[in-house]
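The block underneath contains the structure these notes are about, expressed in structure tokens.
The values are calculated or read from the model by the stated rules, or taken from the named source; none is laboratory data. Here the structure is a predicted model, which is why all the values come from computation and not from measurement. Here the Cβ positions follow ideal geometry from the backbone for every residue, glycine too, while neighbour counts run over all protein chains shown. For the accessible areas, the whole protein counts, side chains as well, though only heavy atoms, and no ligand, DNA or RNA atoms are used. Shrake-Rupley method; radii C 1.70, N 1.55, O 1.52, S 1.80 Å.
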Amino acid sequence: MNPVVGIAAFVAVSLATAVIGFYGLRISRTTGDFYVASRTVRPWWNASAIGGEYLSAASFLGVAGLILLSGTDALWFPVGYTAGYLMLLLFVAAPLRRSGAYTIPDFTEARLDSRAVRRVTSLVVVVVGWLYIVPQLHGAALAIRITTGLPAWVGQVAVVAVVCVTVVSGGMRSITFVQAFQYWLKLTALAVPVLYILFVLAGTGAPAVAESNVNPTALAPAGPYQNISLLVALLFGTLGLPHVLVRFYTNPDGQSARRTTLIVLGLLSVFYLFPTTYGLIGRMFAPGLAQSGQADALVLLLPGRLVGGPAGDLLSALVVAGAFAAFLSTTSGLVVSLAGVISQDILGGSVRGFRLATLLAAVVPLGIAAMTDSTALAGSVGLVFAFTASTICPVLLLGIWWRGLTDAGAIAGMLTGAASCGGAMLAGALLGPAGTPPWLAQPAAWTVPAAFAVMVLVSRATRGRVPRTITRLMTRLHTPERPLATER
């Protein structure tokens, strides 16, 4: 790829992000604007923004790369990512919106009447956020190195800088505009090149290098346990992602939260058609990328390989712009959610505290990303989902739907999930892909049930710690709100 094309695409999407962010500054004045956009974001805007922040490096680059490597086994990723939102619609979206909280720790403290629960939840949310930001920065490093030839750290620093400027400028209201724009940019950046490639292939009758069912790396197919464990991680992990959950606080009411989730399901379903198509085309026409260890770069390199010339450069530029939109949108959503937690718990909850927390939320994962490397974006994000499913998800589901949850049970369950899943992740990192057994490589199948079981058992053993206000709280969570048109 022409390095000038890659640099121009990155600069263009960064400038567009900054301009939209500064527009948000003009209408972000209050604390509510910075934390939850004053709860005035309508379903279509919010759904586009959720799509923007949820469709990360793993979705834009990693899914196609995994399909190139392992074929149909990788289809569990788009299925799980999308189906997880159905669970959000059924079990979490509207009650969480009715809680009236700004952040997940706000919710757990109000539900369980415990500062200790709040502190543990805050710590888990920050860890989850940092773990999720790191793959985005790895993706930025990969993209900048492949497309421009610049050092990998340039992409990481650039993403953090643009995100900090945007978030500090206007908080949640500003990021809502940015992420909505970035969803449609990402969809266009995948759809236009892959459709053009299909027309070119159909018109020229170019023969496939390999059959679509040929395994270019001779990797053994995943077993039933690995597929089930991955699906558990993706389904339950979606329910605990802090940057996604905070979005439901920005809806005007519970009905809008449910409608937002339905729209998101449609947007995600359309989007995932295109990474899947890239992966299948790659298995037929570019299997060498898998054999050379460049599977995650498939989406970036395919237009240049199969089209070439000025048209290939233009399509490559569009893909690069979409890739950086993915890194920027997901990182900005995570930074906003982390800044809200850090600011409220440490820096007093003011707008100034939010801005200082933004820098802390972004700089720490930048340091981690600089010291680590990832060769499988979707796989690393899948482990973050497993960690989230083992920690935040149980306390949310039980907190919303079970009156018997206590603060002691919530803390014990979250710590159990964090220790078991975190230990499995650490062991996998030490042993390496070849030496890690399946139950450690995909731990969600046993860490998620363990977290739920401990949370329930300890809660039943400490029944006397159930908050006295439980009836009022549960009524508030499950009583439909009045339509806005009838409010005075």
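The calculated FRET efficiency for T436 paired with R463, based on their beta-carbon distance and R0 = 45 Å, is about 0.65.
In the complete set of protein chains, residue-level accessible area for V4 is approximately 100 Å², probe 1.4 angstrom. Under the criterion of Cα pairs below 8 Å and six or more residues apart, the relative contact order for segment 90-137 equals 24 percent. Taking all protein chains as they are arranged and a probe of 1.4 Å, the heavy atoms of I104 leave approximately 10 Å² accessible to solvent. Annotation: C421 carries an accessible surface of approximately 0 Å², with a 1.4 Å probe and no ligand, DNA or RNA atoms counted. Counting only complete DSSP H runs, which helices of the chain cover 15 Å or more along their long axis at the Cα atoms and score a mean Kyte-Doolittle of 0.5 or above? Qualifying helices, which must be both long enough and hydrophobic enough, are 3-26, 76-91, 115-148, 152-204, 224-238, 254-271, 273-285, 309-346, 351-371, 377-401, 407-435, 444-461. The listed peptides 309-316, 228-235, ordered by packing as a protection proxy, come out as 228-235, 309-316 (highest mean of other Cβ atoms within 10 Å first).
Compactness of segment 264-362 is given as radius of gyration and Dmax, 19.3, 56 Å, from Cα positions.
Could you check how many percent of all C-alpha pairs in segment 49-154 are farther apart than 24 Å? Value for segment 49-154: 45 percent of Cα pairs lie more than 24 Å apart.
With a ≥ b ≥ c taken as the square roots of the eigenvalues of the C-alpha gyration tensor of segment 292-332, please select rounded if a/c is under 1.5 and otherwise prolate if a/b is larger than b/c or oblate if it is not? Oblate is the answer for segment 292-332, as a/c is 1.5 or above yet b/c matches or exceeds a/b.
Shown here is the pair-distance distribution of segment 336-488: with all Cα-Cα distances grouped in 5 Å bins from zero up to the longest one, the shares run 2, 9, 12, 13, 14, 16, 15, 10, 6, 3, 1, 0, 0 percent. Within the accessible area of segment 294-403, the carbon and sulfur atoms contribute 66%, probe 1.4 Å, all protein chains present.
The convex hull built on the alpha-carbon positions of segment 102-207 has an orientation-averaged projected area of 10.5 nm². Starting from the Cα gyration tensor of segment 311-378, take the square roots of the eigenvalues, sort them a ≥ b ≥ c, and report rounded, prolate or oblate (rounded when a/c is under 1.5, otherwise prolate if a/b is larger than b/c, else oblate). Taking the square roots of the gyration eigenvalues as a ≥ b ≥ c, segment 311-378 is prolate. Overall, the anisotropy analysis places segment 351-400 in the oblate class: the square-rooted eigenvalues a ≥ b ≥ c of its C-alpha gyration tensor yield a/c not less than 1.5, with a/b not exceeding b/c. Over segment 367-454, the hull volume per residue, using the convex hull of the C-alpha atoms, is 103 Å³. Given a cut-off of under 8 Å on Cα pairs at least six residues apart, what relative contact order in percent is computed for the chain? Once divided by the residue count of the chain, the mean separation gives 30 percent. Size of the chain: Rg and Dmax of its alpha carbons, in Å, are 21.9, 74. Computed over protein heavy atoms with a 1.4 Å probe, the accessible surface of segment 298-451 works out to 33 Å² per residue.
Taking each residue as 0.36 nm, the span from T471 to V200 lengthens on full extension beyond its C-alpha to C-alpha distance by 91.3 nm.
Can you pull the percent of segment 80-154's accessible area that's carbon plus sulfur, 1.4 Å probe, other chains left in place? Heavy-atom surface of segment 80-154 belonging to carbon and sulfur, 1.4 Å probe: 69 percent. The stretch between I228 and A419 holds 66.6 nm of extra length on full extension. This uses 0.36 nm per residue minus the Cα-Cα distance.
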